[in-house]
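Written below as structure tokens is the structure these notes are about.
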Amino acid sequence: PHHDLVDRDQDTLDGASASPREPLFTAVLREVAAERERAASSTLDGALRNFGYLAREATTEQVHLALEHDINPFTNQPHTAQYKKILEARKSLPVFTHMAEFYKIFNKHQIIIMVGETGSGKTTQIPQFVAYSDLPHTKNKIVACTQTRRVATTAVAERVADEMDVQLGQQVGYSIRFEDMTEAGTTFLKYMTDGILLREAMHDPDLSRYSTIIVDDAHERTLATDILMGILKTLARRRPDLKLIIMSATLDALKFQKYFAVSADALPPLFKVPGRTHPVEVFYTQAPVSDYVKAVIRFVLQIHCTEKPGDILVFLTGEEEIEDVCHRIKVDVDNLIKSYPETVGPLECIPLYSWLPPQQQQRIFDPPPKAGSPHGPPGRKVVVSTNIAESSLTIDGIVYVVDPGFSKQKVYNPSTRVESLLVSPISKESAQQRTGRAGRTRPGKCYRLYTQKNFVSEFKEQTEPEILRSNLVSTVLMLVKAGIKDLVKFDYLDEPAPESLLRALEVLNYLGAVDDDGNLTALGSMMAEFPLDPQLSKMLIVSPEFKCSNEILTITAMLSVPNVWLRPSNKREEADAAKAMLTVPGGDHLILLNVYNEYIQNQHDKDWTRIYYLSAPALLQAVNVREQLERTMMQFEVDLVTVQDQSDMSSAIKQALCCGFFMQVAHKVGGKRNYMNLNNQPVVLHPSCRLDTQPEWVIFNEFLVTNRPYIRTVTGVRPEWLLENARSHFDLKDWPESEMKRALVRVSNRMAGRFGARWDNAARVGEIDEE
Ligand code: CDP
Ligand code: MG
């Protein structure tokens with residue numbers, strides 16, 4: 001007979017077998033012996049129950065006993081050899097060696113701030129410590145650990161499933177947008193992106209499924225993490241049984257402590273684990289580097305040819321750049337090996353960015369390639385990564401870091417409402433983090449591809465929190481849906497500019513998601529249910545009106561996955577020619593629809609995707625995303641209809657597009673491919689854009705700035721559709737004078753002439769026009 005575990009807050013102790021308060025070792029030894037006897041016929045649902053455990057009063061000794069036990073307490077299966085091997089490795093992690101201190105603090109406090117260097121074991125160990133203490137599986141609860149990036153979420157969950165000797169998706173799982181790897185009732189340790197937990201809070205403001213929530217990498221200050229902390233701070237008062245751990249890799253702990261303090265003299269405790277890093281020698285360039293991509297390749301080759309064994313980590317800004325550099329390094333190394341087989345060993349180049357397919361992600365943890373021959377020069381691995389490798393993922397074996405000093409960062413200008421990703425200089429704090437990656441296992445070297453002078457005088461101390469440089473439309477919709485009405489009074493760690501909040505509400509109002517008083521409308525409530533940008537969810541929900549919701553659903557799915565077009569640097573012409581064969585008139589959105597349909601018609605054929613230079617994983621993901629969105633549509637009774645008459649299709653789709661993207665409009669000016677956006681800013685069609693004719697009016701999916709401002713994924717529309725479908729936005733009387741306004745007024749007048757008094761807006765505009 002086994003007694004159930006007893007909570008401190010439920011004071012019914014059942015002492016039928018080992019009393020929970022019995023001296024530990026007696027209980028454990030007896031139980032271990034008894035358990036051996038029970039062996040195969042055991043119905044034990046966990047050795048933990050026999051260790052005299054009290055949930056949330058677990059001691060280090062008890063946990064160690066459970067960890068060393070032959071039987072996995074969570075599965076009742078004997079531990080594998082791999083488990084034991086990993087356990088030995090875990091024991092040397094700084095966080096693991098501080099387990100006793102952790103439990104001392106965790107058992108006593110509701111909220112803990114934790115600081116530990118990247119690689120010290122925060123993400124992998126702390127959630128397990130908590131699971132051993134909370135015993136969430138015995139109470140139908142879950143321990144959640146948020147991550148700021150998709151790749152880190154899946155990679156870490158996989159690792160921890162191995163560490164706990166369970167199958168990923170069972171006891172340990174993960175949840176990222178469009179992919180849920182958990183099993184209800186079984187998963188009790190869940191890694192998830194901060195955005196997913198925020199979404200859950202929208203539906204269940206008490207987050208009642210969770211016993212402990214761990215906010216990881218809080219120092220990254222993503223928008224979702226910041227908002228989540230605000231919600232959790234209030235929630236902790238409502239739910240005294242909920243525990244919170246805020247984890248960070250940098251030393252700004254005091255800011256978090258103050259934020260979560262109940263009163264000024266009652267700061268939550270700080271659990272700090274000292275790092276154990278080796279010295280890293282930092283090198284700067286003598287003069288500024290003009291082409292950092294070239295410089296990166298040169299440095300990698302130089303390290304490979306002249307430095308002692310040890311892997312290399314390179315930081316770049318995005319997928320395309322990374323794939324390009326990997327390719328170029330490979331070509332160069334192959335040539336070098338041909339010329340100097342005696343001195344140059346194999347070099348394996350591994351890309352790492354957020355939408356990398358999972359099978360490829362795991363490659364970053366593979367050992368470096370072996371020497372080509374028994375006495376040949378040793379092999380080396382080079383990981384070429386975005387910021388992901390800065391603090392969210394630790395790759396062992398890195399000794400050399402190459403840091404060009406850039407990352408892609410979100411920037412938002414509330415007055416123009418333009419958000420874009422810009423390649424920008426990193427902060428000193430980021431540079432420090434990057435350098436630290438080289439000293440994980442032994443002394444290392446970091447090559448900074450900028451001058452010391454530049455670093456000291458130009459680099460900011462810290463990266464600005466995302467909330468201060470983001471478009472808040474999506475977040476505000478979620479907050480309003482969660483019932484948080486007073487957005488200005490919300491307790492932010494760093495307050496966004498009131499203008500950004502106002503802008504967000506204004507956009508939601510144009511989209512019809514909130515009324516003039518800021519109250520959520522029925523449309524807005526439904527929009528919030530879709531895990532999509534509000535512009536996309538609006539377009540999707542209204543698409544049945546235009547009898548094209550199946551088509552819009554496909555386009556939405558295609559816009560929600562990574563770029564499907566591959567363009568390898570040595571095959572650009574072939575790739576462009578292949579794309580031309582899939583091109584249909586009208587615009588890029590229609591081309592995406594066509595590609596998807598062809599992909600389905602060719603039954604997901606890999607050869608077909610290869611011939612057309614399309615990314616098979618991205619297309620497969622689109623199929624999956626489409627299915628999920630379709631389920632949400634059915635749940636909320638959004639009709640699924642297909643355009644019957646092919647000749648109507650293009651205009652139906654374009655009208656639906658206008659309903660969501662009326663703020664992302666550009667008007668043709670002057671020469672080829674030149675447009676002007678709503679802020680009277682010149683923009684150019686991106687080279688990838690396949691618009692055959694150059695229509696006077698276009699809507700675009702993305703605004704991006706590289707060497708100049710581009711619009712990408714563009715489709716031509718009729719201006720009447722814009723005015724008709726977004727009348728409050730196109731209330732032109734308040735618009736400042738501009739070429740764009742004059743053009744819209746002309747359209748508006750034309751419509752007024754045609755429809756008469758129906759166009760009250762337009763009539764007013766007409767008056768102004770005559771002034
Ligand atoms: O979160 P933090 O940066 O403090 O460290 P972590 O992600 O918990 O990683 C601790 C250690 O676990 C790393 O140094 C790796 O040795 C190991 N690890 C791994 O081998 N494979 C993974 N996918 C993740 C972590
Ligand atoms: Mg971590």
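Would you mind stating whether residue 457 is among the hydroxyl-bearing types (Ser, Thr, Tyr), on the phi < 0 side of the Ramachandran plot and within 27 Å of the chain's Cα centre (by Cα)? In short, no. In segment 733-754, the residues that are in a helix (DSSP H, G or I) reach residues that are basic (Lys, Arg) with C-beta atoms within less than 7 angstrom, at least six apart or across chains, in these pairs: 733/764.
Checking 64, 69, 79 one by one, the residue that is more than 30 Å from residue 433 (Cβ to Cβ) and either touching a helix residue (DSSP H, G or I) at 6+ places or on another chain (Cβ under 6 Å) or buried (at least 21 other Cβ atoms within 10 Å of the Cβ) (or both) is 69 and no other. So, in segment 256-265, of the ones that are among the aliphatic types (A, V, I, L, M) and surrounded by 12 or more Cβ atoms within 10 Å (Cβ to Cβ), which residue ends up nearest to residue 329 (Cα to Cα)? Among those residues, the one meeting the criterion is 261. Within segment 430-455, the only residue that satisfies the criterion of being within 16 Å of ligand 2 (Cβ to nearest atom) and farther than 27 Å from residue 306 by Cα is 430. The number of residues in segment 239-265 being assigned to a helix (DSSP H, G or I) and either in contact with a strand residue (DSSP E or B) (Cβ under 7 Å, 6 or more places away or on another chain) or within 16 Å of ligand 2 (Cβ to nearest atom) (or both) comes to 3.
For segment 396-428, a tally of residues being within 16 Å of ligand 2 (Cβ to nearest atom) and surrounded by fewer than 19 Cβ atoms within 10 Å (Cβ to Cβ) returns 1. Restricting segment 524-571 to residues that are of a type in the set (S, T, N, Q) and in a helix (DSSP H, G or I), the residue that is farthest from residue 320 (Cα to Cα) is 525. Contact map, segment 326-354: first residue over 12 Å from residue 304 (Cα atoms), second residue of a type in the set (Lys, Arg) and part of a helix (DSSP H, G or I), Cβ cut-off under 8 Å, separation 6 or more or different chains; pairs are 350/363; 354/150.
Number of residues in segment 398-430 that are touching a Gly at 6+ places or on another chain (Cβ under 6 Å) and either under 22 Å from residue 224 (Cα atoms) or assigned to a helix (DSSP H, G or I) (or both) equals 2.
Count of segment 588-610 residues, restricted to those that are within 29 Å of the chain's Cα centre (by Cα) and surrounded by 15 or more Cβ atoms within 10 Å (Cβ to Cβ), is 11. Does residue 153 fit the bill of being out of contact with any helix residue (DSSP H, G or I) (no Cβ under 6 Å at 6 or more places or on another chain), away from ligand 1 (no atom under 12 Å from the Cβ) and free of Cβ contacts under 8 Å to residues at least 60 places away in the same chain? So residue 153 does not fit the description; no. Does residue 180 meet the test of being of a type in the set (D, E, K, R), over 24 Å from residue 628 (Cβ atoms) and either buried (at least 24 other Cβ atoms within 10 Å of the Cβ) or more than 16 Å from ligand 2 (Cβ to nearest atom) (or both)? No: the conditions fail for residue 180.
Here is a yes/no grid of residues against (1) at pLDDT 95 or above; (2) in contact with a strand residue (DSSP E or B) (Cβ under 6 Å, 6 or more places away or on another chain); (3) surrounded by 17 or more Cβ atoms within 10 Å (Cβ to Cβ); (4) among the charged types (D, E, K, R):
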site: 431; (1), (2), (3), (4): yes, no, yes, no
site: 445; (1), (2), (3), (4): yes, yes, yes, yes
site: 458; (1), (2), (3), (4): no, no, no, yes
site: 464; (1), (2), (3), (4): no, no, no, yes
site: 469; (1), (2), (3), (4): no, yes, yes, yes
site: 482; (1), (2), (3), (4): no, no, yes, no
site: 497; (1), (2), (3), (4): no, no, no, no
site: 502; (1), (2), (3), (4): no, no, no, no
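Taken together, the residues in segment 120-145 that are within 16 Å of ligand 2 (Cβ to nearest atom) and small (Gly, Ala, Ser) amount to 3. Taking residue 675 as the residue in question, decide whether it is over 30 Å from residue 732 (Cβ atoms), among the hydroxyl-bearing types (Ser, Thr, Tyr) and at pLDDT 90 or above. No.
Residues that are among the basic types (Lys, Arg) and touching a Lys or Arg at 6+ places or on another chain (Cβ under 7 Å) do occur in segment 198-215. If the condition is being polar (S, T, N, Q) and farther than 19 Å from residue 448 by Cβ, then segment 293-336 contributes only 335.
Selection of first residues in segment 211-230 that are within 12 Å of residue 245 (Cβ to Cβ) and without any contact (Cβ under 8 Å) to a residue 60 or more places away in the chain and of second residues that are outside any helix (DSSP H, G or I) and within 15 Å of ligand 2 (Cβ to nearest atom), restricted to Cβ pairs under 6 Å at least 6 apart or on distinct chains, gives the following pairs, ordered by first then second residue: 218/246; 218/248. Does segment 370-377 contain any residue that is among the polar types (S, T, N, Q), within 16 Å of ligand 2 (Cβ to nearest atom) and more than 30 Å from residue 665 (Cβ to Cβ)? Looking for residues that are among the polar types (S, T, N, Q), within 16 Å of ligand 2 (Cβ to nearest atom) and more than 30 Å from residue 665 (Cβ to Cβ), one finds none in segment 370-377, hence no. Inclusion of residue 226 among residues that are surrounded by 22 or more Cβ atoms within 10 Å (Cβ to Cβ) and more than 16 Å from ligand 1 (Cβ to nearest atom) is warranted. Hey, any hits in segment 526-545 for a residue that's free of Cβ contacts under 8 Å to residues at least 12 places away in the same chain and over 17 Å from residue 634 (Cα atoms)? No, every residue in segment 526-545 fails to be free of Cβ contacts under 8 Å to residues at least 12 places away in the same chain and over 17 Å from residue 634 (Cα atoms). The residues of segment 293-327 that are within 20 Å of residue 570 (Cα to Cα) and not aliphatic (A, V, I, L, M), listed by number, are 294, 298, 318, 319, 320, 321, 323, 324, 326, 327. Checked against the criterion of being more than 16 Å from ligand 1 (Cβ to nearest atom) and not acidic (Asp, Glu), segment 83-99 contains not a single residue that satisfies it.
Of all residues in segment 196-223, which are within 16 Å of ligand 1 (Cβ to nearest atom) and of a type in the set (D, E, K, R)? Residues satisfying the conditions are 216, 217, 220. The strands (runs of 3 or more DSSP E) falling completely within segment 266-383 that include 1 or more residues that are at pLDDT 95 or above, of a type in the set (Asp, Glu) and surrounded by fewer than 16 Cβ atoms within 10 Å (Cβ to Cβ) map to 280-284. Does any residue of segment 223-231 turn out to be within 16 Å of ligand 2 (Cβ to nearest atom) and within 29 Å of residue 480 (Cβ to Cβ)? Yes, segment 223-231 has at least one match. When each of 668, 654, 672 is tested for being within 24 Å of residue 534 (Cα to Cα) and not small (Gly, Ala, Ser), the lone residue that passes is 654. For segment 100-129, taking the residues that are near ligand 1 (Cβ under 8 Å from one of its atoms) and charged (D, E, K, R), the one that is farthest from residue 247 (Cα to Cα) is identified as 117.
The values are calculated or read from the model by the stated rules, or taken from the named source; none is laboratory data. This is a predicted model, so every value here is computed, not measured. With ideal geometry, Cβ positions are generated from the backbone for all residues, glycine too; neighbour counts draw on all protein chains shown.
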